[in-house]
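The next block holds one structure in the form of structure tokens; read it before the comments.
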There are 2 protein chains.
Amino acid sequence: MSWRKDQGRAERGYHHGNLKEALLQAALDLISKKGPAGFTFADAARMAGVSPAAPYRHFRDRDELIASIAQRGFEQFESLLTQAWDDGRPDTVTAFERVGKAYLAFAREEPAFYSAMFESGLPPDANPTLMAASERAFAIIRAAAERLAALAPPGMPRPPAMMMALHIWSMSHGVASLFGRGDAARRKLPMSPEELLEAEVLIYLRGLGFRTDQRPGTAAADDKPAGEKAGPWGKPK
Amino acid sequence: MSWRKDQGRAERGYHHGNLKEALLQAALDLISKKGPAGFTFADAARMAGVSPAAPYRHFRDRDELIASIAQRGFEQFESLLTQAWDDGRPDTVTAFERVGKAYLAFAREEPAFYSAMFESGLPPDANPTLMAASERAFAIIRAAAERLAALAPPGMPRPPAMMMALHIWSMSHGVASLFGRGDAARRKLPMSPEELLEAEVLIYLRGLGFRTDQRPGTAAADDKPAGEKAGPWGKPK
DNA sequence: AGCTCATGTGAACGGCTTTTACATGAGCCG
DNA sequence: CGGCTCATGTAAAAGCCGTTCACATGAGCT
């Protein structure tokens with residue numbers, strides 16, 4: 001019974017009653033503290049107050065637990081992005097930037113989920129339901145890109161929405177993964193990750209011909225070429 | 001002596017003679033096969049034909065071995081990027097794109113190095129010499145960005161080179177990390193990672209006011225606003 | 001009340017990391 | 001050449017982890 005920690009939880013009998021949930025919660029705690037590599041199955045069991053063998057009644061092995069967390073992470077992620085996108089209100093560009101911020105916020109505030117989702121080294125094709133969850137989350141970015149692409153200024157070739165979505169995703173993931181988490185991979189930056197990503201996306205959108213200095217939402221007013229105003233990186237000296 | 005594998009190597013006596021190197025090489029093999037998580041110290045020792053305790057004469061622990069690999073990776077990375085940049089020849093934009101391709105090529109061809117460098121979950125501040133190596137590699141991108149920023153079209157605010165460098169780095173890392181390696185994280189893409197990154201960088205540069213459809217290198221010829229020609233993503237339908 | 005099956009336990013196996021005391025022999029010094 | 005010394009490697013052991021298996025428990029159904 002050395003594993004029985006009685007850490008403040010209600011007394012329980014032979015059966016835990018909610019072990020699967022308790023294990024997922026414990027794993028989240030542990031991963032956010034020590035990274036997905038430092039997390040151990042036995043620790044999670046200890047934290048839930050059960051024997052080291054008990055988790056095997058709920059997860060085939062350690063990887064399946066991590067995959068479960070990743071999946072749950074993608075679901076929360078999708079919901080967060082959906083909310084941030086808010087169907088493009090009040091205008092497409094504003095909503096789009098809100099999605100970028102939400103991406104970073106998720107990476108920062110849920111590092112355990114984020115690393116389980118993107119840095120756990122699981123084969124993504126191993127778990128079809130996991131991949132489906134991941135694709136549903138990406139679909140939000142994809143949908144936003146679609147709407148944005150439709151707004152591309154006339155007289156220019158329309159950028160493929162899928163490509164735009166992949167670009168935005170890679171920017172967001174790149175910033176989040178290199179600079180995003182408070183603890184890991186801290187490099188000295190001249191600006192916050194949020195500012196960095198926002199500037200990056202704005203410059204990118206300008207490169208596609210968008211005029212990012214105003215927010216018409218749906219109206220494309222004048223035709224002045226991009227690049228004659230202050231940039232998105234604050235005041236030029 | 002079960003650990004003695006005699007795998008084709010020259011016979012040796014009590015002393016290995018080159019164990020440190022052999023361990024690094026073995027670790028590279030193992031990491032590229034099974035990821036940085038799957039790699040074990042004992043396996044590396046076995047592969048080098050020594051007892052499981054021998055590696056401790058050369059590395060304080062498993063993490064120090066991985067850090068050594070990461071450091072060596074950053075050195076090779078720096079050398080590769082330097083070579084790709086080639087001091088901006090034949091022209092800045094061309095050289096810049098070559099750097100992007102070199103980044104992806106490194107991630108693809110040296111996945112073991114790449115994951116040790118960016119995905120091993122080591123605290124980057126733990127090892128000052130490692131961080132220094134990482135900064136020397138980044139300095140190449142930084143220097144390239146500096147040259148590019150100096151070329152920014154007149155009449156526009158100059159983008160800060162440091163910001164450009166961080167943007168380029170995050171794009172490259174994002175693409176490499178999400179889509180770059182053949183095995184891991186494969187998602188179906190409408191284009192190759194190289195094309196994806198090249199388009200992304202070109203659009204970004206256009207957003208900064210660069211005219212990316214020609215390669216003046218140092219001369220900024222005419223003034224036509226960007227965005228009146230075919231985009232960098234191939235033919236618009 | 002009795003049965004059954006999901007859920008949890010204990011013990012055990014093999015493997016990994018790391019430490020400690022000991023063995024070996026390469027290189028240096030005289 | 002002979003002997004010393006110390007870097008390098010070995011053996012053994014402790015402690016942890018993942019995983020499996022036979023067995024225990026008791027919740028829920030009939």
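Overview of values
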item: Threshold 40 Å² - residues in region A:139-175 whose accessible area is reduced by that much or more when the chain is no longer isolated, probe 1.4 Å; result: A:MET156, A:PRO157, A:MET163, A:LEU166, A:HIS167, A:TRP169, A:SER170, A:HIS173
item: Copies compared at B:THR94 - label distances in nm, ascending, label defined 7 Å from Cα in the Cβ direction; result: 4.6
item: Per residue solvent-accessible surface (Å²) - region B:16-59, probe of 1.4 Å; result: 48
item: ³J(HN,Hα), Karplus 6.51/-1.76/1.60, whole Hz, each residue of region B:39-49, x for Gly, Pro; result: 6, 10, 4, 4, 4, 4, 4, 4, 4, 8, x
item: Point-to-point label distance, A:LYS33-A:SER79, nm (Cα→Cβ direction, 7 Å offset); result: 2.5
item: Unit charges at the beta carbon, dipole of region B:1-154: most positive-side option, B:PRO36, B:LEU151, B:PRO52; result: B:PRO52
item: Accessible surface buried once B binds A (1.4 Å probe; total of both sides; Å²); result: 3700
item: Position B:PRO128, label points 7 Å along Cα→Cβ, spacing to each other copy in nm (shortest first, one decimal); result: 5.5
item: FRET efficiency for B:ASP61 and A:ASP91, using Cβ-Cβ distance with R0 set to 56 Å, rounded to 0.05; result: 0.55
item: Environment charge at B:ILE31 (Cβ cut-off 11 Å; Lys +1, Arg +1, Asp -1, Glu -1); result: -2
item: Fraction of accessible area attributable to carbon and sulfur, region A:61-207 (%, probe 1.4 Å); result: 54
item: Residues of region A:74-130: accessible area per residue with a 1.4 Å probe, Å²; result: 43
item: Estimated inter-spin distance, B:ALA54 and B:GLU195, nm [label 7 Å along Cα→Cβ]; result: 4.9
item: Accessible-area composition of region B:16-59, carbon plus sulfur, in percent [1.4 Å probe]; result: 52
item: Cα-centre dipole for region B:21-164 with unit charges at Cβ (Lys and Arg positive, Asp and Glu negative), debye to 20; result: 120
item: FRET efficiency for B:ALA132 and A:ASN18, using Cβ-Cβ distance with R0 set to 41 Å, rounded to 0.05; result: 0.25
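The values are calculated or read from the model by the stated rules, or taken from the named source; none is laboratory data. All values derive from a computational prediction rather than experimental measurement. Every residue, glycine among them, receives a Cβ derived from its backbone with ideal geometry; neighbour counts consider all protein chains shown. Only protein heavy atoms, including side chains, enter the accessible area calculation; ligands, DNA and RNA are left aside. Shrake-Rupley method; radii C 1.70, N 1.55, O 1.52, S 1.80 Å.
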